[in-house]
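Scroll down for the structure; my scribbles are underneath it.
Values in this text are rule-based calculations from the coordinates and carry no lab data. Note that the structure is predicted; figures quoted are calculated from it, not measured. Here the Cβ positions follow ideal geometry from the backbone for every residue, glycine too, while neighbour counts run over all protein chains shown.
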Amino acid sequence: MGKSLKILFIEDLASDIDLLYFELKRNKFAYSSVHVQTSDAFKDALEHFDPDIILSDYSLPSFDGLTALTIKQEISPDIPFIIVSGTIGEENAVQLIKNGATDYVMKDKLFTLIPKINRALEEAQKKREKRIADETLNKQYQTLFEIATLQSHQVRGPIASILGLINLFNFENANDPANTDIIMNLHVATLAFDDIIHTIVEKTTEIKGSIAVNFPTHTHGQIRPSA
């Protein structure tokens, strides 16, 4: 059996819910579901059920699809949201899509539901992958910036100290007592320089490893028929 899809239904009519259940069962898809009719129940389901997709009616007695979409966008913007309605009208459907809905399905054309669910899940997966890639690139940029800062600023301090101490060293009289202090200070400056180089190497290795990572191949979240 494939992955069980978690569907959150927003619907007030039991007969319409049964039609959706029948369409999913007819296509032999495995799923678990939660059915809500109010704003509070919807918010609770978003938090505790964590659905893969939301199928919402457009108009309910104490709730509506537009309000649900607004709440969803604030709490869980990545979850696909499909309006399933018999009365929405094309103009309202287009406006909802402009506001962030993924798609809409007319109740007298439920044969389009499964393809639209699959497409919505694919799009959601691609968005997640893009967000992960963007976050990775941003992290790489921050690491490169830190490396550049280390190279351009912090490296100069120990090098300047080392060069200055070398200039103070009395090469003509190696037994000069001042040379002892100079050597000790050279040791300290060299250790500081070594620490900075070690940090640069670590960060460079980190970013090389990050760049080398290949994202695993996904099935883009398609719901799969039960075995």
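Cβ-to-Cβ counts within 10 Å put 110, 13 in ascending order as 13, 110, the fewest first. Put in line by how crowded their Cβ is, counting other Cβ atoms within 10 Å and starting with the fewest, 8, 96 read 96, 8. When every Cα-Cα distance of the range 80-182 is counted in 5 angstrom steps from zero, the calculated P(r) takes the values 2, 10, 10, 10, 7, 6, 6, 5, 5, 5, 4, 4, 4, 4, 4, 4, 4, 3, 2, 1, 0 percent. Close amide H partners of residue 29, meaning residues 5 or more places away or on another chain with modelled amide H under 5 Å apart, are 226. Rg(Cα) of the range 5-128 divided by 2.2 N^0.38 Å? Rounded to two decimals, the normalised Rg is 0.95.
Placing unit charges on the Cβ atoms only, positive for Lys and Arg and negative for Asp and Glu, gives the chain a dipole magnitude near 900 debye about its Cα centre. Here, the chain is characterised by an Rg to Rh ratio of 1.38, where Rg is the alpha-carbon radius of gyration and Rh the Kirkwood radius. Per-residue Karplus couplings for the range 35-45, computed as 6.51 cos²θ - 1.76 cosθ + 1.60 with θ equal to phi - 60°, are listed in order as 10, 10, 9, 10, 4, 5, 5, 5, 4, 5, 5 Hz, Gly and Pro entered as x. Electrostatic bookkeeping for residue 33 treats Lys and Arg as +1 and Asp and Glu as -1; over the other residues with beta carbon under 14 Å from its beta carbon, the sum is -4.
Computed from point charges on the beta carbon alone (+1 for Lys and Arg, -1 for Asp and Glu), the dipole magnitude for the range 1-43 about its Cα centre is near 400 Debye. Among 56, 15, 33, 76, the ranking by other beta carbons within 10 Å of each residue's beta carbon, starting with the fewest, stands as 15, 76, 33, 56.
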